[in-house]
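Asks: The structure under discussion is supplied below as structure tokens; questions concerning it will follow.
The values are calculated or read from the model by the stated rules, or taken from the named source; none is laboratory data. These numbers were taken from a predicted model, which means no experiment stands behind them. Cβ sites come from the backbone with ideal geometry, for glycine too, and all protein chains shown count toward neighbours. The area values use the complete protein model at the heavy-atom level, side chains included, leaving out ligands, DNA and RNA. Shrake-Rupley method; radii C 1.70, N 1.55, O 1.52, S 1.80 Å.
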Amino acid sequence: MIHRAAAQLLRKYTTANMTAGVSTSPKYFDIGFNISDHMFRGIYHEKQQHESDIPNILNRCVVTNVKKLLITGSSIKESQHSIDVVSQFASSTPVSLYYTIGVHPCHVNEFVPEHGQSYWKPDQTEDAPFEIVDHAFTQGKLRELYDLYKRQEASDAGRFKAIGEIGLDYDRLNYSGIAIQKLFFLEQLKLSCFFPNKPLFLHLRSCTEDFMEILEMFIKGFNDTKDTFNYKELIDGTVAGGPRINEDGSIFYKFTDTRKFVVHSFTGSVSDLRKLRDSSENCYFSVNGCSMRTEESIEMISTMPLDRLLLETDAPWCDIRRTHASFKFLNKSCDATIADSWDHGLSDAYPQLDSWFKSVKKEKLRGIEREKWDEYMVKSRNEPCTMGHVATAVANIKGVPLSELVDQVWHNSCLVFDVESH
């Protein structure tokens, strides 16, 4: 066993234990890590509490067998920031780092000028009519997003793995209203068709009917007669499976038959799951702690097909908490009265550790010697190293061996995002 102090864990992992051929199974691929969040730079509620500890977070990934990370893009600016962070750390960690590019439904206001006539304001009703007023600005922002896709697609690094996070979120309409969300979900899906081999990283909250109506347009194929933002000039006929111009001048959009998409952080009902699953054989689902908060969500997880399942932490959010219905499933016995899950099954997910990491309040971390930061997680801030918690809970909910679940999820994740599985 390797000691819990991550600095020592890392040294032993990368030297003696690596050369001795110690098994690193199980293998985890966290497909949802929000590395651009301010918390990972030590900023909480706009106050600097400690320095960035991203290197320590990656060190903890190494010793908990998190082999691959997909960094989530949620706006044009944050997507670029994620790209920069991946470029900064990719050569200094054995963890494979990838990223998505897209604009989250709560951030779609960035497609219109702030304080402009078309800007959706929180004091409007959630279904307030929405109309593009500054067409040139919006077209320019959409073209900026397209250019970022194009530039990163051409990169030799091959780390751009999905388009997203895009979709609809009717739980947080204080950020953006229904009409503007639907418009830019549609427009981003159109742009995605210019990159037909890229999987989609999708967001869905309390809006299954509208979400599926838009998504199924692309699954079945449709003709766009308006071309509001002049995508026609982007079509050169060289992209196999991409949009094409019809004889009448309309544009035909359709996903290729092999294009995969993941509904990440899925929190829907059993009925929602079945509707989405049946809509396409290319539809996958990813779950985290947020997906397992209630007894209803436990039922949903139990029915989710293993061959469509991926896992994530959605760090720094969506950890498994004692108040969640999933907490009891961290124990083999599923006994909610057991306080220490580690000694009752959770440790099986982390065969290289003899105990879990320490935790400290965010304002206390800076008082600890910097060289010991590998040993400490920040309380109430989730990290990718907790992937084993998610896997353990899901395996126990579904009643399958942890090793079987982890192996299948690893296979699914590598398949969806087209990465090597070694």
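Asks: Between residue 227 and residue 281, what's the calculated FRET efficiency when r is the beta-carbon distance and R0 is 30 Å? Round to 0.05.
Replies: Between residue 227 and residue 281 the formula returns 0.50.
Asks: State the percentage of accessible surface on segment 266-328 attributable to carbon and sulfur atoms; use a 1.4 Å probe and exclude ligands, DNA and RNA.
Replies: Here carbon and sulfur together make up 44 percent of the probe-accessible area.
Asks: Here is a follow-up. On a 0 to 90° scale, report how tilted helix 402-416 is relative to the longest principal axis of the chain, with both axes built from alpha carbons and the result rounded to the nearest 10.
Replies: Between helix and principal axis, roughly 30 degrees.
Asks: Still on this structure, I have one more. Provide the convex hull volume over Cα atoms per residue for the chain, in Å³.
Replies: 145 Å³
Asks: In addition: Taking a probe of 1.4 angstrom, what is the accessible area of residue 376 in Å², to the nearest 10?
Replies: 40 Å²
Asks: Based on DSSP H runs of at least 4 residues, each adding -39500 (n - 2.57), what is the mean residue ellipticity at 222 nm of the chain after dividing by all its residues, to the nearest 500 deg cm²/dmol?
Replies: Counting only the DSSP helices, I get -9500 deg cm²/dmol.
Asks: Using the alpha-carbon atoms, what tilt in degrees (0 to 90, nearest 10) does helix 76-89 show relative to the longest principal axis of the chain?
Replies: 40 degrees
Asks: Which order do 93, 228, 323 take when ranked by solvent-accessible area (1.4 Å probe, heavy atoms of all protein chains), largest first?
Replies: 323, 228, 93
Asks: Separate question: Over 28 Å between C-alpha atoms is what I'm after, so list which of 182/226; 121/220; 161/328 land there.
Replies: 121/220; 161/328
Asks: Compute the distance from the alpha-carbon center of segment 375-422 to that of segment 246-262, in whole Å.
Replies: 33 Å
Asks: Further question: Using only Cα atoms, locate the centre of segment 157-183 and the centre of segment 50-97, then give the distance between them in Å, rounded to an integer.
Replies: So the separation of the two Cα centres works out to 21 Å.
Asks: How high is the relative contact order of segment 304-369, given as a whole-number percent (alpha carbon pairs under 8 Å, six or more residues apart)?
Replies: Reported relative contact order: 15 percent.
Asks: Another question about this same structure. Any idea of the accessible area per residue across the chain, 1.4 Å probe, to the nearest Å²?
Replies: 43 Å²
Asks: Something else: Top to bottom by accessible area (1.4 Å), largest first, where do 45, 107, 324 land?
Replies: Order by accessible area, largest first: 45, 107, 324.
Asks: Can you figure out the FRET efficiency of residue 123 with residue 45, using R₀ = 22 Å and their beta-carbon distance, to the nearest 0.05?
Replies: Approximately 0.40, to the nearest 0.05.
Asks: Something else: On a 0 to 90° scale, report how tilted helix 178-192 is relative to the longest principal axis of the chain, with both axes built from alpha carbons and the result rounded to the nearest 10.
Replies: Helix 178-192 and the main axis of the chain meet at about 90 degrees.
Asks: Also: Just to be sure I understand: with springs between alpha-carbon atoms less than 10 Å apart, which residue in 314, 169, 123 has the highest mean-square fluctuation in the Gaussian network model of the chain?
Replies: Maximum among the listed residues: 123.
Asks: List residues of segment 244-262, by number, whose backbone nitrogen lies under 17 Å from a label position 7 Å along Cα→C-beta of residue 197.
Replies: 255-261
Asks: Next up: Mind grabbing the accessible area of residue 358 for me, 1.4 Å probe, Å², rounded to tens?
Replies: Only protein atoms counted, so the area is about 70 Å².
Asks: Next question. Could you compute Rg(Cα) / (2.2 N^0.38 Å) for segment 118-226, with N its residue count?
Replies: That works out to 1.14 for segment 118-226.
Asks: Also: In the chain, what cysteines have no partner Cβ closer than 4.7 Å?
Replies: 61, 106, 193, 207, 283, 334, 385, 414
Asks: Still on this model: How high is the FRET efficiency between residue 88 and residue 235 when r is their beta carbon distance and R₀ equals 56 Å, given to the nearest 0.05?
Replies: 0.95
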